[in-house]
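The values are calculated or read from the model by the stated rules, or taken from the named source; none is laboratory data. No experiment lies behind these values; they were computed from the predicted model shown. All Cβ positions, even for glycine, are placed from backbone atoms using ideal geometry, and neighbour counts span all protein chains on display. Note: accessible area is taken over every heavy atom of the protein model, side chains too, but ligands, DNA and RNA are not part of it. Shrake-Rupley method; radii C 1.70, N 1.55, O 1.52, S 1.80 Å.
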Amino acid sequence: MRYQLNMTKPKYIVIAVILLSTTIISVFYNYSLSSKLEEIRRNIASQSRSNDVNERTSQLSGRRPEDTYSFNENLIVIYNRVPKTGSTSFVNLAYDLCKKNHFHVLHINISGNMHVLSLPNQIDFVRNITAWNQMKPALYHGHMAFLDFSKFGMPTKPLYINLIRKPLDRLVSYYYFLRFGDNYRPNLVRRKAGDKMTFDECVDQQQADCDPKLMWLQIPFFCGHAAECWEPGSSWALAQAKRNLVYEYALVGLTEEMEDFISLLEAALPRLFTGFLNHYTNSNRSHLRITTSKIEPNKDTVDKIQESEVWKMENELYEFAAQQFYYMKKKMTLPGKNILQSYMYEKIRPK
């Protein structure tokens, strides 16, 4: 009897061990499965929230999630440069840095040094650069009047930039440039080479080369391709130039404040203009195209020029552009602080 009891006891122990092992395995399996399911649920919930955000963002932007568009890689900037405003210095910065910054620089060269395109060329030009994807992003530059792309039904418009200069300073610079050239191409013989007449003498003798009407250039460059833009003294052209300057130009700088112009561009459009300010201040690009010989006009000459309607209107545009430029500079930082302005999006209701 005792023998039989001794044989039965190990049997029950084995059974107990088997049952315990089964229970432990079951509990471990259930725990692992539960943890895995919880992880899956978290992933699903996270993905759902992400999809919700993407869907709402798409609804806000008017685009489907699968539609993507790179503004930076499709960027087109047109610099319709006014002659004798410091444009050569700026453009050479672009040529120096375009390879490093991976963008294209293209010169708009109109035959006969004309500033207005014919109608067929206007249509061809706007279509060409809009669809020329191999040349994006790009900076186009040339002595050409403003051209409205929306007039020809283009789906997108380029960003315009420009520089503007005090009108009498620009005229005096151009007057001596035609006679003595500049340091950019010192060996090139200019159209009026050999003419020693000063600007003061020209004004005193009422010669054609210093006619105040020759100042009528910055207004038509901002006004555009309309016939009235090129009529000296046109109040309509001045008004249109102001309107375009505000609504069609991303930035218009002042020749005498080139560094600030470049700084604003670099902050606003870093895709193209990163490194421009450093290169401008640490290279010889800030001293390009300085007229070889120039005599500042005397007070009597300045007074005579400033009596003309053309000077008054051109100067009005310059002052208007300066006002916009200084306003943009001021709004870059917080009032009274040297801290850049920033913005954010908030989903909560403002208090």
### Query
Could you say whether any residue in segment 265-282 is more than 20 Å from residue 219 (Cβ to Cβ) and charged (D, E, K, R)?
yes
### Task
Please specify each residue of segment 103-114 satisfying the condition of being in contact (Cβ under 8 Å) with a residue 24 or more places away in the chain and open to solvent by 50 Å² or more (accessible area, probe 1.4 Å).
104, 107, 109, 113
### Query
Restricting attention to segment 330-351, does a residue exist that is part of a helix (DSSP H, G or I) and of a type in the set (A, V, I, L, M)?
no
### Task
Confirm whether residue 185 is open to solvent by less than 50 Å² (accessible area, probe 1.4 Å), of a type in the set (Lys, Arg) and modelled with pLDDT under 95.
no
### Query
Would you pick out the residues in segment 276-293 that are open to solvent by 40 Å² or more (accessible area, probe 1.4 Å) and modelled with pLDDT of 80 or more?
277, 278, 279, 281, 282
### Query
If we scan segment 120-135, do we find a residue that is within 16 Å of the chain's Cα centre (by Cα), more than 30 Å from residue 216 (Cβ to Cβ) and aromatic (Phe, Trp, Tyr)?
no
### Message
For segment 127-144, give me each residue that is buried (at least 21 other Cβ atoms within 10 Å of the Cβ) and within 21 Å of residue 226 (Cβ to Cβ).
### Response
144
### Subset of segment 311-328 [within 21 Å of residue 263 (Cβ to Cβ) and in contact (Cβ under 8 Å) with a residue 60 or more places away in the chain]
318, 321, 322, 324, 325, 328
### Query
Under the condition of being at pLDDT below 95 and in a loop (DSSP other than H, G, I, E, B), which residue from segment 155-181 is surrounded by the fewest Cβ atoms within 10 Å (Cβ to Cβ)?
155
#### Entry: Which numbered condition residue 284 misses (of (1) under 24 Å from residue 139 (Cβ atoms); (2) in contact (Cβ under 8 Å) with a residue 24 or more places away in the chain)
(2)
